[in-house]
Structure formats: structure tokens, C-alpha cells
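To start, the structure itself, in C-alpha cells.
The values are calculated or read from the model by the stated rules, or taken from the named source; none is laboratory data. All of these numbers come straight from a predicted model, not from anything done at the bench. Note: ideal-geometry Cβ built from the backbone for every residue, glycine included; neighbour counts use all protein chains shown.
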There are 2 protein chains.
Amino acid sequence: MSTVFAGPFGANVSERAQLPPSLAISTVIFALKPSRAEGKPTLWLPLVRRVKEPFRGQWALPGGPLTAVESLEDAARRNLRETTGLAPEYLEQLYAFGGLDRSSRPEQGAQRVVSIVYWALVRPTEAELLVESERDNVAWHRADTAGHGEGGLAFDHREIVDYALWRLRNKIEYAQIAYHFLGERFTLAQLREVYEAILGRTLDPANFRRQLTATPQIEATDEFLEGGRHRPPRLYRYVGPPTPYPASDHPHPSTLRSTP
Amino acid sequence: MSTVFAGPFGANVSERAQLPPSLAISTVIFALKPSRAEGKPTLWLPLVRRVKEPFRGQWALPGGPLTAVESLEDAARRNLRETTGLAPEYLEQLYAFGGLDRSSRPEQGAQRVVSIVYWALVRPTEAELLVESERDNVAWHRADTAGHGEGGLAFDHREIVDYALWRLRNKIEYAQIAYHFLGERFTLAQLREVYEAILGRTLDPANFRRQLTATPQIEATDEFLEGGRHRPPRLYRYVGPPTPYPASDHPHPSTLRSTP
DNA sequence: TCAAAAGTGTTGAGCGTACACCCATGT
DNA sequence: ACATGGGTGTACGCTCAACACTTTTGA
């Protein structure tokens, strides 16, 4: 019965590949976790194991369909909560992926999917909230190597993660986003470790300190981190705007006014 | 008859607002045209007049639906060709807009639309190719004020144009995209005018020259622009990569390798 | 007292800006 | 010749990288 699958464009069953592309939302969630070998933190992200074809059994970015009653960002947040239990503070659109070969297994009857991908940063305390209930199907992976040893990540998700990594490395150089990896109070050494982990190079502690103390959004508290092996470092606090969109950076389109 | 509008998800007429969001592609096309008053060029973009509700009679970005057999960028190019006759060299994804209030006329039965918006730059020679046949429904507008006097642009297109303007102004400061507004050969003064028009401020000719002559992608030809009122300026040529994605700038996701 | 990290001072290179100045051409 | 834009030289100020140095703690 051709009417069963008849859509607004009049396609029938044999033309299912001709259906209008469907929309999905996925998210690349970055967290910094100390690697066991060194004390140095590295970038990790949660992946979910696919329970359906295609790519059944392989790891994929958390995501799902977009419903009719939510904005794109709302959909990303809802999906994150449902699949991982996470509710990141920092969440920003990354890119819309819509290539024809995204599945890389162009099976007959597989519908074409356009994914609008978001990226997020979570603090260590948030990261611990990752759902443990179905822990076999949700797990942290190293951001740079996830899927390398195994059969690779599902779909084009390895490319997407690489792109998100590129964006993170770029953006951390000109936008104040590193704080989203840390708790409310932090030492400058901790903050420097964040930068070093993401940029992949060491930074001069002296110059780093000067740069950061000159930043108005960084506020020195009168507390110090006790218990270390040496001189206790001062704790700082970030007092900038809560949104991920400082004025001079990457404003969300909806916050823009007409050109003055 | 509920079957008339029955789609793949079985929604009927009264539930049309619950249909999964549909996907459209739109493009903000920038060109630099000399304003009649001054000799200074200003930013213009082509808009199409809507012939259907909603926003019938108002100006909107060129765009259309995404078919099942084309990538997002292909869809943008095809749509540009069909609606405006233009084939820009520079074309890049801008943002995916998916707010619930995009129509700002939330009529009953209006389906929710997610727009993936691209932005493009065209040379003056390309810009002249804008279809004249149906000229009443396709016309150039000033990028900064389009829709101000009238009832405004359709949908959220005024916001989208502002966001594209913001992106253009940002990107021209760190990426080599200004050449896409000019012909193959150009004088440094012409190039400076492009920067001045987009940034909205004057630049020191001497320093601008030094900066640009120090750029390896800018190559001096042995030709000079004759016919001016004064000393003929040298013509230059841009010999950089043809794609809009230089390595250190904003690589297209699909060109990224895994982190080294 | 010593090691190690916190924190300060100083220097030099590079770059962008401002601006004085010379050059070449049409009128 | 002279006005005008093309094109060069130079000096100042700022930022950043490098690195020597002092301070403060735990062991």
C-alpha cells in the first residue's frame, strides 16, 4: 500500500531513500580527567554503545531525534540528560553534518540523517554524575583516541570529535572557557594544567600568572589550598558572565541587535 | 480528510504542529557595491520576495528545502542557482536556526522549520549575474538596513543577516577572505576599501600596505592600473588556496585528520 | 636545611600604530 | 607646477616569551 508511507512529498515504500532527511541532535561532551600514568589530566568524553543497526555494538556520540516542541539547544540538553544524566553548563552549537556518506554503510532503505551537533564542557564534579545504572552502554573514552583500537566510532563520529577538539583548542586561546573544566575555586596551577592539557604544550607559569591576574574576570580569594606538599597556592574564582557567549566572542545569534 | 496530510509519522491535520521539524537551507550572500552617494562601497545582499504565506510579499533570504540526494552545501548551491542564478566561490556554513518562535507568527498548522544557513561572498562580476528575468521578486538590498523601513524581513531573517554580518566582520580580521569580493587582479587601495567597508573604519594605507605585502599569498604582478587620475597603482593577485578553509583557520570538518 | 612549587622582576624581540616624508602621474 | 594618491622610513608603545630570582611551605 503506497499510502502507508505516503508523506507530504508523495514518496512510497520503494522510494524510502528519497524521504526528506530526518534531523538528529548529538553532543560532544568534554571533561578533563587525570590519567592514571601521569598526574596530568587529559580530555575524555562519554560515548554510548549502539544497540541498533547500523553500527550496532559500536560507540557513538550521545544523541537522538529532535521533537517538534523544543529548540535545538533544548533538544541537546534533554538528550544529554536522558542518555548520560549530564547537564553541562557550557553548551554550544558545533556544526550541522549532512553529507550523503555519513553512514559509510549506505544500505538500501537507510534514511538519510542530518545531525546538528553541539559541544559541551563539564566539570569533574558534574562528570561523576554520568549514569552508572546502565554503565555498560555509557562510558568515558579518551577524546583523542576513542575508537582507534576497536572498529572505530559509529557513523562519522570520529571526524566530528576531531572537529570538536579543533574548536576547543582554538576557542580556549581567545575565549574564557577553561573555567568550565574546573570547580568554583581553583589554583592558577590547576588552570594552567587545563590549558596545557588542551593545547598540548607547557606554559610558562610566571607569564601565565601575569596574564591571568590581569584578567578582570579572575578574582583572587583570600583562601589557599592547604594540604599540598609545598607552599599553599592561592585560590581564585571566575566571576565572568555565566553564559558561554561573552560579547566580544561568539554571540548567540538571538542575542544580536541590528548593527548600530 | 485526515489522510490528505498524513505523513510518515501518521500525524493528521489537527496535529500538524507535532510533525517532526522540516529542514530548509538558506544563504546570506554578500557582495560589495559602490553606493551612489559616496564612492565608498557598501555591503549588499540579494533577497527574494515571498509569494506564499507566511510573510507573503515580504523579503526573505534565498532558500528552499533539502532533498534526499544532496549534501547540505550542494543544496545551498543548487538553491542559490535556482533562486538567484548565482554560483559563489566562497560558501560556508553559518549556523543552524531552530527556535520555536522563528516564524514569530505561530499560526495554527504552521509546521516547525529548522534552517541551516550558509553564507557566501561574491565578486562584483558574479553579482551582476543576478537573475533579471523575475527582477521584481529578486533584488539587492543593503545588508545593514534591509527591511528596516518596510515591515521587516520575513521570519527571523533580519537576525540571521546580523549574525552573518558579525561573522564576516570577525572573520575578515583573521582569515583571508576579502579577496572574494574583488576580481582576480586588484590594487591594494581597492583591497583596503573592502576592509574599510566591512570593518566600518579607515585603515592607515601605509601600514595596510606593509601588512599585505608581507603576506605570502599576495603576489605583486608587473601590471599597473592605468587610467586613474594620478600615479597608477600596482596590481596584485591572490595566490592562496582556492577553498575557503586555510589550514590554520576554520577547516571543514571532513578535511580534519585525527590529532597528531 | 633542602627540595619544590608559589610568586616577582627584568629584559629583549616582534608587532601594530602613528606619522613624517618622498615618488610619480594627470591636469 | 601642483594636487593627489602611491609608496617608504622611522620611532614609540604594547604584548609576549624567556629566564633569573625571591618566598614559603612540607618533609
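Summary of values
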quantity	calculated
Residue list for segment A:57-77, restricted to those being hydroxyl-bearing (Ser, Thr, Tyr) and either in contact (Cβ under 8 Å) with a residue 40 or more places away in the chain or surrounded by fewer than 17 Cβ atoms within 10 Å (Cβ to Cβ) (or both)	A:THR67
Residues that are within 11 Å of another protein chain (Cβ to nearest Cβ) and touching a Pro at 6+ places or on another chain (Cβ under 9 Å), drawn from segment B:141-163	B:ASP156, B:GLU159, B:ILE160, B:ASP162, B:TYR163
Exclusive hit being outside the structural domain of B:LEU94 (by TED's automatic domain parsing), loosely packed, with under 14 Cβ neighbours inside 10 Å and modelled with pLDDT of 95 or more, set B:PRO205, B:PRO232, B:PRO216	B:PRO205
Condition broken by B:GLY200, with the remaining ones in (1) of a type outside the set (S, T, N, Q); (2) within 16 Å of DNA strand C (Cβ to nearest atom); (3) assigned by TED's automatic domain parsing to the domain that holds B:LEU86 satisfied	(3)
Qualifying positions in segment A:235-260 - at pLDDT below 85 and more than 14 Å from chain B (Cβ to nearest Cβ)	A:GLY240, A:PRO241, A:PRO242, A:THR243, A:PRO244
Some residue of segment A:162-170 being over 30 Å from A:PRO54 (Cα atoms) and either without any contact (Cβ under 8 Å) to a residue 24 or more places away in the chain or more than 16 Å from DNA strand D (Cβ to nearest atom) (or both)	yes
Flag if B:GLN190 is within 11 Å of DNA strand D (Cβ to nearest atom) and among the polar types (S, T, N, Q)	yes
Failed item in (1) within 12 Å of DNA strand C (Cβ to nearest atom); (2) in contact (Cβ under 8 Å) with a residue 12 or more places away in the chain; (3) among the basic types (Lys, Arg); (4) farther than 29 Å from B:ASN170 by Cα, with A:ARG142 passing the rest	(1)
Evaluation of A:ALA197 against (1) within 14 Å of chain B (Cβ to nearest Cβ); (2) assigned to a loop (DSSP other than H, G, I, E, B) (one fails), failing number	(2)
Enumeration of residues in segment B:219-229 that are surrounded by 12 or more Cβ atoms within 10 Å (Cβ to Cβ) and within 12 Å of DNA strand C (Cβ to nearest atom)	B:PHE224, B:LEU225
Matching entry among A:VAL138, A:VAL69, A:VAL131 (being over 23 Å from B:GLN93 (Cβ atoms), within 11 Å of chain B (Cβ to nearest Cβ) and modelled with pLDDT under 95)	A:VAL69
